[in-house]
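Nothing in this text is a laboratory measurement; each read-out follows from the coordinates by a stated rule. Every value quoted in this text rests on a predicted model; they were computed, and no experiment measured them. Note that we place each Cβ from the backbone using ideal geometry, even for glycine, and neighbour counts take in every protein chain shown.
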């Protein structure tokens, strides 16, 4: 099928599950009641994605408070009491983060049971997202490894263990989220892509990397305002990604200053074209989604173009997220009708 729509990451959590419209929401329940509420929320979003015409669905990160820390909470070697204030994304904003104090390893599988639950209920393609090793390292303080590249490779190894278990649970696409790739471009080429490939080693399912300019929060919006008339960060990292073993690259396009011509550098990849802006409550029309797809097709064959959201929708309201998913699915249908 041409133009199979998917989403990049998070979806808003229902108000009965957690705080809403926040990146670090607090759960409202505990124990088995919380576990059941997470499953209920995942079911709701799987159903809505499928109804909206999303071909490759995900849990929308309903089982996690945060896309990075949701994985790290089950990793040994991290001291959650030793919080360190540090700059995130090259000091774009500051946060109190836990500290790596010893060798990292998984206590157990983190998301396997959640993935198996989603697989039992999703009728079509299923994606599961994991934080990428570089972005993990940019979201933790290091008091053990000494070199960010060394810490990234350690996390890549345990991400690989997790990814192989998710594949065994029936996941069709495993996506590694690497927003740090748009910030530390030199490091991406020096060791970031190598760490990403280590995380995906041995996977037979589809693999993807998501690289965006961040959630629709003020710190990221303000940063985008400093990037000028053209955002060319992708230009410095796409050649290395195109030569990598990763099969899909997810990028931000809608309502951005990214020159669409840059996707010509991804001649060997499936391209997840961000056609939904997550930084605004304005809902795109299906024709606008179609327009982004058509622009991408100037530089990539239709078979390689997959419409997507720019990033996660967690900070938006549930109603806005639902409407944007409907627009994404409808735009993909228009594209199939026109070019299929």
Note on region 56-111: alpha-carbon gyration tensor, axes a ≥ b ≥ c; rule is a/c under 1.5 for rounded, else prolate if a/b larger than b/c, else oblate; result oblate
Quick one: Cα centre-to-centre distance for region 192-208 and region 28-97, in angstrom? 21 Å
Where Rh is the Kirkwood radius over the Cα pairs of region 162-266, the temperature 25 °C and the viscosity 0.890 mPa s, what D in µm²/s does Stokes-Einstein return? 167 µm²/s
Quick check: pseudo-label points 7 Å beyond the Cα along Cα→Cβ at residue 317 and residue 236, how many nm apart are they? 3.9 nm
For region 245-340, Rg(Cα) over 2.2 N^0.38 Å is 1.03
Report for region 31-339 the percent antiparallel among DSSP-assigned beta bridges with both residues inside it, nearest 5. 25 percent
Most packed first (mean Cβ within 10 Å per residue), the peptides 95-102, 234-241 order as 234-241, 95-102
Going 7 Å from the Cα of residue 90 in the Cα-to-Cβ direction, what parts of region 221-248 have a backbone nitrogen less than 16 Å from that spot? 221-238
Of all beta bridges DSSP finds with both residues in region 1-157, what is the antiparallel percent, to the nearest 5? 65 percent
So how far apart, in nm, are the two label points at residue 264 and residue 186 if each is 7 Å from Cα heading toward Cβ? 2.9 nm
Would you mind checking the radius of gyration and Dmax of region 31-339 based on alpha-carbon positions, in Å? 18.5, 56
Could you list 213, 299 in order of exposure, starting from the residue whose Cβ has the fewest other Cβ atoms within 10 Å? 299, 213
Calculated [θ] (222 nm, deg cm²/dmol) that DSSP helices of n ≥ 4 give over the chain, each run adding -39,500 (n - 2.57): -11000 deg cm²/dmol
Hey, fewest Cβ within 10 Å first, where do 272, 82, 140 land in order? 82, 140, 272
Full-extension gain in nm, residue 23 to residue 227, via 0.36 nm per residue minus C-alpha separation: 71.1 nm
Give, in nm to one decimal, the length gained when the segment between residue 172 and residue 298 is fully stretched (0.36 nm per residue of separation minus the Cα-Cα distance). 42.6 nm
Take 111, 257, 210, 69 and order them by how many other Cβ atoms sit within 10 Å, fewest up front. 257, 69, 111, 210
